[in-house]
Amino acid sequence: MKILVIGATGRTGKHVLTQGAGRGHEITAFARRPELLTDRSRLADVRQGDAHDLEAVRAAVQGQDAVLAAVGGSGIASTLITAMREAGVRRVVMTSSRSVPATRPRLPVTLAWLFFREVYVDLARAEGMLQVSGLDWTIARATMLNDKPPAGRVHLDFEANATGGAMQLSRADYAMALLDAVEDPALIGKALGICGPK
Ligand SMILES: NC(=O)c1ccc[n+]([C@@H]2O[C@H](COP(=O)([O-])OP(=O)(O)OC[C@H]3O[C@@H](n4cnc5c(N)ncnc54)[C@H](OP(=O)(O)O)[C@@H]3O)[C@@H](O)[C@H]2O)c1
(Lines give C-alpha, C1' and ligand atoms only; values in the text may rest on other atoms or scores of the structure.)
Protein backbone atom coordinates (compact mmCIF):
# COMPACT_ATOMS: atom_id res chain seq x y z
CA MET A 1 0.00 0.00 0.00
CA LYS A 2 1.00 3.63 -0.44
CA ILE A 3 0.88 4.98 3.11
CA LEU A 4 1.37 8.57 4.26
CA VAL A 5 2.77 8.63 7.80
CA ILE A 6 2.05 11.79 9.82
CA GLY A 7 4.31 12.31 12.85
CA ALA A 8 7.04 10.39 11.04
CA THR A 9 9.90 11.66 13.21
CA GLY A 10 8.11 10.74 16.44
CA ARG A 11 9.12 7.89 18.70
CA THR A 12 6.26 5.72 17.39
CA GLY A 13 6.40 7.21 13.89
CA LYS A 14 9.98 6.14 13.29
CA HIS A 15 9.05 2.51 14.03
CA VAL A 16 6.12 2.82 11.63
CA LEU A 17 8.50 3.96 8.87
CA THR A 18 10.94 1.08 9.39
CA GLN A 19 8.35 -1.63 9.88
CA GLY A 20 6.09 -0.32 7.11
CA ALA A 21 8.93 -0.31 4.58
CA GLY A 22 9.94 -3.76 5.83
CA ARG A 23 6.43 -5.02 5.04
CA GLY A 24 6.83 -3.76 1.47
CA HIS A 25 4.65 -0.67 1.74
CA GLU A 26 5.48 2.52 -0.15
CA ILE A 27 5.92 4.87 2.78
CA THR A 28 5.82 8.66 2.51
CA ALA A 29 7.05 10.39 5.66
CA PHE A 30 5.37 13.69 6.60
CA ALA A 31 7.16 15.73 9.23
CA ARG A 32 7.70 19.28 10.43
CA ARG A 33 11.40 18.54 10.80
CA PRO A 34 12.31 15.91 8.17
CA GLU A 35 15.99 16.61 8.78
CA LEU A 36 15.55 14.36 11.83
CA LEU A 37 15.02 11.36 9.54
CA THR A 38 18.34 9.56 9.71
CA ASP A 39 17.68 6.83 7.11
CA ARG A 40 15.52 7.71 4.10
CA SER A 41 16.80 4.88 1.90
CA ARG A 42 13.66 2.73 2.18
CA LEU A 43 11.14 5.60 2.01
CA ALA A 44 9.16 6.30 -1.15
CA ASP A 45 9.06 10.04 -0.40
CA VAL A 46 9.52 12.66 2.31
CA ARG A 47 7.21 15.68 2.71
CA GLN A 48 7.98 18.62 4.93
CA GLY A 49 5.03 20.33 6.58
CA ASP A 50 2.83 20.94 9.57
CA ALA A 51 -0.19 18.65 9.72
CA HIS A 52 -2.32 21.68 10.65
CA ASP A 53 -1.47 23.23 7.27
CA LEU A 54 -4.22 22.20 4.86
CA GLU A 55 -2.19 23.00 1.72
CA ALA A 56 0.73 20.84 2.87
CA VAL A 57 -1.56 17.95 3.82
CA ARG A 58 -3.55 18.27 0.57
CA ALA A 59 -0.36 17.87 -1.46
CA ALA A 60 0.87 14.94 0.63
CA VAL A 61 -2.32 12.82 0.54
CA GLN A 62 -2.55 12.87 -3.26
CA GLY A 63 -2.22 9.34 -4.64
CA GLN A 64 -1.99 7.61 -1.25
CA ASP A 65 -3.95 4.46 -0.37
CA ALA A 66 -4.02 5.25 3.34
CA VAL A 67 -2.92 7.71 6.01
CA LEU A 68 -1.43 6.57 9.32
CA ALA A 69 -1.35 9.39 11.86
CA ALA A 70 1.26 8.38 14.45
CA VAL A 71 0.27 11.52 16.34
CA GLY A 72 -3.28 12.34 17.42
CA GLY A 73 -5.18 15.58 17.78
CA SER A 74 -8.23 17.48 16.57
CA GLY A 75 -6.27 19.97 14.44
CA ILE A 76 -4.59 17.12 12.59
CA ALA A 77 -7.88 15.20 12.27
CA SER A 78 -9.54 18.30 10.81
CA THR A 79 -7.00 18.90 8.03
CA LEU A 80 -6.72 15.19 7.26
CA ILE A 81 -10.46 14.73 6.92
CA THR A 82 -10.78 17.71 4.55
CA ALA A 83 -7.76 16.76 2.45
CA MET A 84 -8.62 13.06 2.28
CA ARG A 85 -12.23 13.71 1.26
CA GLU A 86 -11.06 16.03 -1.52
CA ALA A 87 -8.45 13.53 -2.75
CA GLY A 88 -10.73 10.50 -2.46
CA VAL A 89 -8.35 8.78 -0.04
CA ARG A 90 -10.52 6.82 2.38
CA ARG A 91 -8.40 4.76 4.80
CA VAL A 92 -7.11 6.47 7.94
CA VAL A 93 -5.70 5.12 11.21
CA MET A 94 -5.06 7.59 14.02
CA THR A 95 -3.43 7.20 17.41
CA SER A 96 -5.33 8.00 20.57
CA SER A 97 -5.16 7.01 24.22
CA ARG A 98 -6.89 4.30 26.27
CA SER A 99 -7.43 7.00 28.88
CA VAL A 100 -9.94 8.80 26.65
CA PRO A 101 -12.86 6.41 27.31
CA ALA A 102 -11.47 4.56 30.36
CA THR A 103 -12.83 4.63 33.89
CA ARG A 104 -10.65 1.77 35.20
CA PRO A 105 -8.19 1.08 36.74
CA ARG A 106 -9.58 3.96 38.76
CA LEU A 107 -6.43 5.44 40.34
CA PRO A 108 -4.14 5.48 37.27
CA VAL A 109 -6.95 6.79 35.05
CA THR A 110 -7.85 9.53 37.54
CA LEU A 111 -4.20 10.59 37.85
CA ALA A 112 -3.69 10.51 34.09
CA TRP A 113 -6.74 12.76 33.59
CA LEU A 114 -5.46 15.11 36.29
CA PHE A 115 -2.20 15.66 34.40
CA PHE A 116 -3.24 15.27 30.76
CA ARG A 117 -6.84 16.52 30.75
CA GLU A 118 -6.37 18.91 27.84
CA VAL A 119 -4.64 16.27 25.71
CA TYR A 120 -7.42 13.73 26.34
CA VAL A 121 -10.22 16.21 25.69
CA ASP A 122 -8.58 17.08 22.38
CA LEU A 123 -8.11 13.40 21.50
CA ALA A 124 -11.79 12.81 22.30
CA ARG A 125 -12.65 15.63 19.90
CA ALA A 126 -10.39 14.10 17.23
CA GLU A 127 -12.01 10.68 17.70
CA GLY A 128 -15.49 12.19 17.29
CA MET A 129 -14.46 14.00 14.12
CA LEU A 130 -13.13 10.79 12.57
CA GLN A 131 -16.21 8.82 13.60
CA VAL A 132 -18.53 11.15 11.66
CA SER A 133 -16.08 11.81 8.80
CA GLY A 134 -17.47 9.22 6.41
CA LEU A 135 -13.89 7.98 5.91
CA ASP A 136 -12.72 4.40 6.54
CA TRP A 137 -11.31 5.18 9.97
CA THR A 138 -9.73 3.16 12.76
CA ILE A 139 -8.83 4.70 16.11
CA ALA A 140 -5.91 3.03 17.88
CA ARG A 141 -6.02 3.83 21.61
CA ALA A 142 -2.75 2.95 23.32
CA THR A 143 -1.95 2.49 26.95
CA MET A 144 1.24 4.03 28.42
CA LEU A 145 4.08 3.90 25.86
CA ASN A 146 7.75 3.09 26.46
CA ASP A 147 10.82 2.52 24.31
CA LYS A 148 11.60 -1.02 25.43
CA PRO A 149 12.33 -3.71 22.82
CA PRO A 150 9.27 -5.11 21.04
CA ALA A 151 7.57 -8.27 22.23
CA GLY A 152 6.05 -8.86 18.79
CA ARG A 153 2.62 -9.20 20.39
CA VAL A 154 0.01 -6.87 21.88
CA HIS A 155 -3.22 -7.26 23.84
CA LEU A 156 -6.07 -5.98 21.67
CA ASP A 157 -9.68 -5.33 22.62
CA PHE A 158 -12.58 -3.11 21.64
CA GLU A 159 -13.65 -2.02 25.12
CA ALA A 160 -13.47 1.29 26.99
CA ASN A 161 -11.58 -0.42 29.84
CA ALA A 162 -8.74 -2.82 29.10
CA THR A 163 -9.78 -6.47 29.26
CA GLY A 164 -6.23 -7.64 30.02
CA GLY A 165 -2.65 -7.13 28.98
CA ALA A 166 0.05 -4.95 30.51
CA MET A 167 -0.30 -1.24 31.30
CA GLN A 168 2.94 -0.50 29.41
CA LEU A 169 3.28 -0.92 25.66
CA SER A 170 6.46 -0.68 23.62
CA ARG A 171 6.29 1.92 20.83
CA ALA A 172 7.69 -0.68 18.43
CA ASP A 173 4.76 -2.98 19.26
CA TYR A 174 2.34 -0.06 18.94
CA ALA A 175 3.75 0.64 15.45
CA MET A 176 3.17 -3.02 14.57
CA ALA A 177 -0.45 -2.80 15.73
CA LEU A 178 -0.96 0.45 13.78
CA LEU A 179 0.30 -1.16 10.56
CA ASP A 180 -1.78 -4.30 11.21
CA ALA A 181 -4.81 -1.99 11.52
CA VAL A 182 -4.10 -0.14 8.26
CA GLU A 183 -3.87 -3.48 6.46
CA ASP A 184 -7.03 -4.98 7.97
CA PRO A 185 -10.35 -3.85 6.44
CA ALA A 186 -12.20 -5.70 9.23
CA LEU A 187 -11.03 -2.94 11.58
CA ILE A 188 -12.68 -0.12 9.63
CA GLY A 189 -15.08 1.81 11.86
CA LYS A 190 -13.59 0.37 15.06
CA ALA A 191 -11.80 1.89 18.03
CA LEU A 192 -9.11 -0.51 19.24
CA GLY A 193 -7.69 -0.63 22.74
CA ILE A 194 -4.03 -1.66 22.68
CA CYS A 195 -2.04 -2.81 25.73
CA GLY A 196 1.26 -4.60 26.11
CA PRO A 197 1.15 -8.42 26.11
CA LYS A 198 0.93 -10.24 29.46
N1 LIG B 1 3.12 8.92 24.98
C2 LIG B 1 2.25 8.05 25.49
O3 LIG B 1 2.46 7.41 26.55
C4 LIG B 1 0.95 7.80 24.74
C5 LIG B 1 -0.04 7.04 25.37
C6 LIG B 1 -1.19 6.74 24.66
C7 LIG B 1 -1.35 7.19 23.37
N8 LIG B 1 -0.39 7.94 22.78
C9 LIG B 1 -0.59 8.36 21.36
O10 LIG B 1 0.53 7.97 20.61
C11 LIG B 1 0.98 9.05 19.80
C12 LIG B 1 2.45 8.90 19.56
O13 LIG B 1 3.13 9.00 20.80
P14 LIG B 1 4.72 9.21 20.82
O15 LIG B 1 5.11 9.29 22.26
O16 LIG B 1 5.39 8.20 19.94
O17 LIG B 1 4.82 10.66 20.14
P18 LIG B 1 6.07 11.62 19.99
O19 LIG B 1 7.37 10.91 20.13
O20 LIG B 1 5.84 12.83 20.86
O21 LIG B 1 5.96 12.06 18.45
C22 LIG B 1 4.97 12.89 17.96
C23 LIG B 1 5.39 13.27 16.55
O24 LIG B 1 4.33 14.03 15.96
C25 LIG B 1 4.88 15.17 15.35
N26 LIG B 1 3.88 16.23 15.31
C27 LIG B 1 3.21 16.79 16.34
N28 LIG B 1 2.39 17.75 15.90
C29 LIG B 1 2.55 17.80 14.55
C30 LIG B 1 2.00 18.59 13.53
N31 LIG B 1 1.09 19.54 13.80
N32 LIG B 1 2.40 18.38 12.26
C33 LIG B 1 3.31 17.43 11.97
N34 LIG B 1 3.88 16.62 12.88
C35 LIG B 1 3.51 16.83 14.16
C36 LIG B 1 6.08 15.54 16.20
O37 LIG B 1 6.95 16.31 15.42
P38 LIG B 1 7.93 17.45 16.00
O39 LIG B 1 9.20 16.73 16.26
O40 LIG B 1 8.02 18.44 14.88
O41 LIG B 1 7.28 18.02 17.24
C42 LIG B 1 6.64 14.14 16.50
O43 LIG B 1 7.45 13.71 15.44
C44 LIG B 1 0.54 10.30 20.57
O45 LIG B 1 0.35 11.39 19.70
C46 LIG B 1 -0.77 9.85 21.19
O47 LIG B 1 -1.83 10.07 20.25
C48 LIG B 1 0.75 8.26 23.45
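The values are calculated or read from the model by the stated rules, or taken from the named source; none is laboratory data. Since the model is a prediction, treat every value here as computed from it, not as a measurement. Every residue, glycine as well, gets a Cβ built from its backbone with ideal geometry; the counts of neighbours run over all protein chains shown. Side chains included, ligands, DNA and RNA excluded: accessible areas come from the protein's heavy atoms. Shrake-Rupley method; radii C 1.70, N 1.55, O 1.52, S 1.80 Å.
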| said: For the full complex of protein chains and a 1.4 angstrom probe, list M167, M176 by accessible area with the highest value first. | reply: M167, M176
| Tell me, what % of the accessible area of segment 98-159 is carbon and sulfur with a 1.4 angstrom probe? | 62
| query | What accessible area per residue comes out for the chain, rounded to a whole number of Å², with a 1.4 Å probe? | reply | 48
| Most positive-pole-ward Cα, C195, A69, A59, against dipole of the chain from beta carbon charges | C195
| What number comes out for the charge environment of R141, summing +1 per Lys or Arg and -1 per Asp or Glu over other residues with Cβ under 13 Å away? | -1
| Which peptide among 92-100, 58-66 comes first, and what is the full order, when sorted by highest mean count of other Cβ atoms within 10 Å? | 92-100, 58-66
| remark: Taking the chain and counting helices only, DSSP H stretches of n ≥ 4 at -39,500 (n - 2.57) each over all residues, the nearest-500 ellipticity at 222 nm comes to -11500 deg cm²/dmol
| So what J values fall out for segment 96-105 if you push phi through Karplus, 6.51 cos²θ - 1.76 cosθ + 1.60 with θ = phi - 60°, rounded to Hz, Gly and Pro as x? | 8, 10, 4, 5, 4, x, 6, 10, 9, x
| said: What is the ratio of the Cα radius of gyration of segment 2-195 to 2.2 N^0.38 Å, with N the residue count, to two decimals? | reply: 0.96
| query | Which of the listed residues, M84, A177, T143, is farthest toward the dipole's positive end in segment 67-198, when Lys, Arg count +1 and Asp, Glu count -1 at the beta-carbon? | reply | T143
| request: Mind checking the full-extension length gain between S41 and D65? Use 0.36 nm per residue of separation minus the Cα-Cα distance, one decimal, nm. | output: 6.6 nm
| said: Checking the cross-link filter: which lysines have an alpha carbon closer than 21 Å to that of K148, excluding same-chain neighbours under 8 positions apart? | reply: K14, K198
| note | Expressed in angstrom and ordered largest first, the alpha-carbon extents of segment 33-119 along the principal axes are 44, 32, 20
| field | Listed residues F115, F30, F158 arranged by accessible area, highest first, probe 1.4 Å | value | F115, F158, F30
| note | Between S97 and residues 5 or more places away or on another chain, the pairs with built amide H atoms under 5 Å apart involve A142
| query | Under a point-charge model restricted to the Cβ atoms of Lys and Arg (+1) and Asp and Glu (-1), what is the dipole moment magnitude of segment 53-198 relative to its Cα centre, in debye to the nearest 20? | reply | 480
| said: Roughly how far apart, in whole Å, are the Cα centres of segment 46-103 and segment 137-198? | reply: 19
